[in-house]
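Chemist: The structure's right below; bear with me while I get my questions together.
The values are calculated or read from the model by the stated rules, or taken from the named source; none is laboratory data. Worth saying up front: this structure is predicted, and the values here are computed from it rather than measured. Note that each Cβ is placed from the backbone with ideal geometry, even for glycine, and that neighbours are counted across all protein chains shown. Side chains are part of the model used for accessible areas, which takes the heavy atoms of the whole protein and leaves out ligands, DNA and RNA. Shrake-Rupley method; radii C 1.70, N 1.55, O 1.52, S 1.80 Å.
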Amino acid sequence: MTTTPDTSTLSTLDSGCEVHFPGDPGYDAASTPWNLAVEQRPAAVAVPRTIEQVSDVVRAAVAAGLRVAPQSTGHGAAALGEGSLADVVLVRLHELTGVTVDAAAGTVRVLGGTLWQDVAVAAAAHGRSVLHGSAGDVGVVGYVLSGGLSFYARRHGVAANSVRAVEVITADGDLRRATADEDRDLFWGLRGGGAGNFGIVVAVELGLLPYADVFAGMLLWDRERAPEVVRAWAEWSRTAPDSATTSLRVMSFPPLPELPPFLSGRDLVVIDGAILETDERAAEVLAPLRALSPEMDTFGRIPAPALLQVHMDPPGPTPAVADHSVLGPLDDAAVEAFLAQVGPGTRSGLMFAELRHLGGQLAKPVAGGGVLSSVSGEYALMCLAPAPTPQAAVAGRAAAFSVVRAMSAWSRVALVPTFAETRVDASRFYDGYDWAALCRLRDEVDPGRVFVANHPL
Ligand SMILES: Cc1cc2nc3c(=O)[nH]c(=O)nc-3n(C[C@H](O)[C@H](O)[C@H](O)COP(=O)(O)OP(=O)(O)OC[C@H]3O[C@@H](n4cnc5c(N)ncnc54)[C@H](O)[C@@H]3O)c2cc1C
């Protein structure tokens, strides 16, 4: 027998904090995540505007016997949506935003629901940049505390290594500040252990990078050229310097009037990323790929925040399903297996199949780092399909899995948390000893298992 949770303690919250219950006019909009393929039906949705309101929501939820799921954007909602949210208060953090740069200290303080685009712009005003991912509308906290792979990554490592402090509301409603000197175990676990497992993060402090501008862009060919381009990039990436972080995608776009002609209705192969060198040296690094005469070449020096446009991620909420694996070295047979799935003449049904180049500094654990200070493997494979209907989602999942399965001879056990869209065995993100320590930490910090993360420990 299912019982309806008593949500009355939430109704009495400070009026500045919106709370929506099933059946309320605002409930559907408030519970809709960025990934529109995911339906979330929580017991209530709270939208706090202040740190105090976050604390009040947690206390009220616990008093009501409910669990709490923090969410900034819902980019990572697919895994969360696989579990029942019937006894969960979804805490949407998009109203808790703010960015304060301390240029002298080389840090930026960011409130819990802030998006990367706002941090990149604020940092650029001081001639600095940050370890954001490919899309500006991803939330800082969900990304950075799950590792975070940027286009600076092969030179600067995972974004979690740039975290200097985390302020988190735990299950008792109290605020804890974790740094290298205070609450050190929690600081270790939060940096890669998935923020949502320990509490609601209301602020993080991050180190800034010294780049006002960056050599970045994309090279684009028709998919007919995929065999030579994929082979050339695989070979190039074996010896590319750590300063170059690139991705190769085989992409398919429907014929849509809102798309530019070079994308609309086309199958393409695209290489993009950043090369942290002088223009002259970057051109030398890129030369073997430019020698393949791309139809379009946008590589050049751009202001650092413009790096958020290079990957051409969707401009807003989108319904999608995806699958992922981490691959070791790509030999000729691996390249052929990839092309057999998504190369010329195939109809994979995917929006893209991506190979993100790992290695470099990403592969090196950092002394004093968190539970996830490095990423093993040579390439992250990410396959994504549009999912405008439940039927399309089923077909899309099968299509994405088909490529992951075809590459299984080259895949590792490890997974990258930010690329794991579906709920997976989270122990695959960590090594065995760290996994056990992380689970013990979770039991200490949240013994009542109040918090629900997209990738639970
Ligand atoms: C278009 C697109 C491009 C992407 N590009 C990259 C990329 O280049 N590199 C990369 O590494 N990843 C990338 N990602 C993946 C993305 O980083 C992850 O999905 C990330 O988890 C999203 O964080 P979010 O806060 O926006 O999402 P949410 O779904 O809101 O959060 C994800 C999880 O983080 C936790 N969380 C979020 N906010 C808080 C908080 N304030 N307190 C506590 N817990 C919190 C929760 O557990 C939540 O379930 C991309 C995703 C998309 C859709």
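Chemist: Quick one: putting +1 on the C-beta of Lys and Arg, -1 on the C-beta of Asp and Glu, what dipole do you get for the chain around its Cα centre, in Debye to the nearest 20?
Modeler: That gives a dipole near 540 debye.
Chemist: Amide H neighbours of PHE451 under 5 Å, counting only residues 5+ apart in sequence or on other chains, H built in-plane at 1.01 Å?
Modeler: HN-HN under 5 Å from PHE451: VAL68.
Chemist: From Cα pairs below 8 angstrom and at least 6 apart in sequence, can you work out the relative contact order of region 84-169, rounded to a whole percent?
Modeler: Reported relative contact order: 19 percent.
Chemist: Let me ask another. For ASP443 and ASP297 in the same chain, what is the full-extension length gain: residue separation times 0.36 nm, less their Cα-Cα distance, in nm?
Modeler: My answer for the length gained is 47.5 nm.
Chemist: If you don't mind, there's one more thing I want to ask. Output ³J(HN,Hα) for region 132-149: one whole-Hz value per residue in order, computed from phi by the Karplus curve 6.51 cos²θ - 1.76 cosθ + 1.60 with θ = phi - 60°, and x for Gly and Pro.
Modeler: 6, x, 6, 10, x, 9, 7, x, 5, 5, x, 6, 6, 8, 10, x, x, 9
Chemist: State in Å² the accessible area per residue of the chain; use a 1.4 Å probe, count heavy atoms of protein chains only, and round to the nearest integer.
Modeler: 39
Chemist: Continuing with the same structure: Give me the one-decimal nm value for the distance between modelled label points at VAL366 and ALA406, 7 Å along each residue's Cα-to-Cβ direction.
Modeler: Inter-label distance under the simple model: 3.6 nm.
Chemist: Now a separate question. When only C-alpha pairs under 8 Å and at least 6 residues apart count, what is the relative contact order of region 214-419, in percent?
Modeler: The normalised contact order for region 214-419 reaches 26 percent.
Chemist: Once every DSSP H run of n ≥ 4 in the chain is given -39500 (n - 2.57) and the sum is divided by its residues, what mean residue ellipticity at 222 nm do you get, rounded to the nearest 500 deg cm²/dmol?
Modeler: That comes out to -7500 deg cm²/dmol.
Chemist: What does the C-alpha gyration tensor say about the overall shape of region 205-271? Classify as rounded when a/c is under 1.5, otherwise prolate if a/b is larger than b/c, or oblate.
Modeler: Oblate, because a/c is 1.5 or more while a/b does not exceed b/c.
Chemist: Report the gain in length on full extension from ARG290 to ASP185: 0.36 nm times residue separation, minus Cα-Cα distance, nm rounded to one decimal.
Modeler: Contour length minus Cα-Cα distance gives 33.1 nm.
Chemist: Let me ask another. Quick one: plug the Kirkwood hydrodynamic radius of region 214-419 (C-alpha pairs) into Stokes-Einstein at 10 °C, 1.306 mPa s, and report D in µm²/s.
Modeler: 90
Chemist: Once phi is turned into θ = phi - 60°, what whole-Hz ³J(HN,Hα) does the Karplus curve with 6.51, -1.76 and 1.60 give for every residue of region 168-176, x standing for Gly and Pro?
Modeler: 9, 8, 8, 5, 7, x, 8, 8, 10
Chemist: Once the Cα atoms of region 15-92 are picked out, what are the Rg and Dmax in Å?
Modeler: For region 15-92, the Cα-based Rg and Dmax read 11.6, 32 Å.
Chemist: Normalised by the residues of the chain, what does the relative contact order come to in percent, with Cα pairs under 8 Å and at least six apart?
Modeler: RCO, the chain: 18 percent.
Chemist: So, one more: Tell me which GluC sites (Glu not before Pro) from region 205-281 have a DSSP coil assignment and no more than 14 other beta carbons within 10 Å of their own.
Modeler: GLU258
Chemist: What's the carbon and sulfur percent of the chain's accessible surface, probe 1.4 angstrom, rounded to a whole number?
Modeler: Of all accessible area on the chain, carbon and sulfur atoms account for 53 percent.
Chemist: Once the Cα gyration tensor of region 145-284 is diagonalised, what are the square roots of 5 times its eigenvalues, in whole Å and ordered largest first, as equivalent ellipsoid semi-axes?
Modeler: Equivalent-ellipsoid dimensions as semi-axes: 38, 20, 13 Å.
Chemist: Next question, about the same structure. Between ARG231 and GLU336, what length comes free when the chain is fully extended (0.36 nm per residue of separation minus the Cα-Cα distance, one decimal in nm)?
Modeler: Extra length available between ARG231 and GLU336 comes to 36.9 nm.
Chemist: If you don't mind, another one. Step through the residues of region 377-384 one at a time and calculate ³J(HN,Hα) from phi using the Karplus curve (6.51 cos²θ - 1.76 cosθ + 1.60, θ = phi - 60°), rounding each to whole Hz and writing x for Gly and Pro.
Modeler: 3J(HN,Hα) across region 377-384, in whole Hz: x, 9, 9, 9, 9, 10, 10, 10.
Chemist: Which percent of Cα pairs goes in each bin when the distances of the chain are cut into 20 angstrom slices starting at zero?
Modeler: Distribution as computed: 26, 58, 16, 0 percent.
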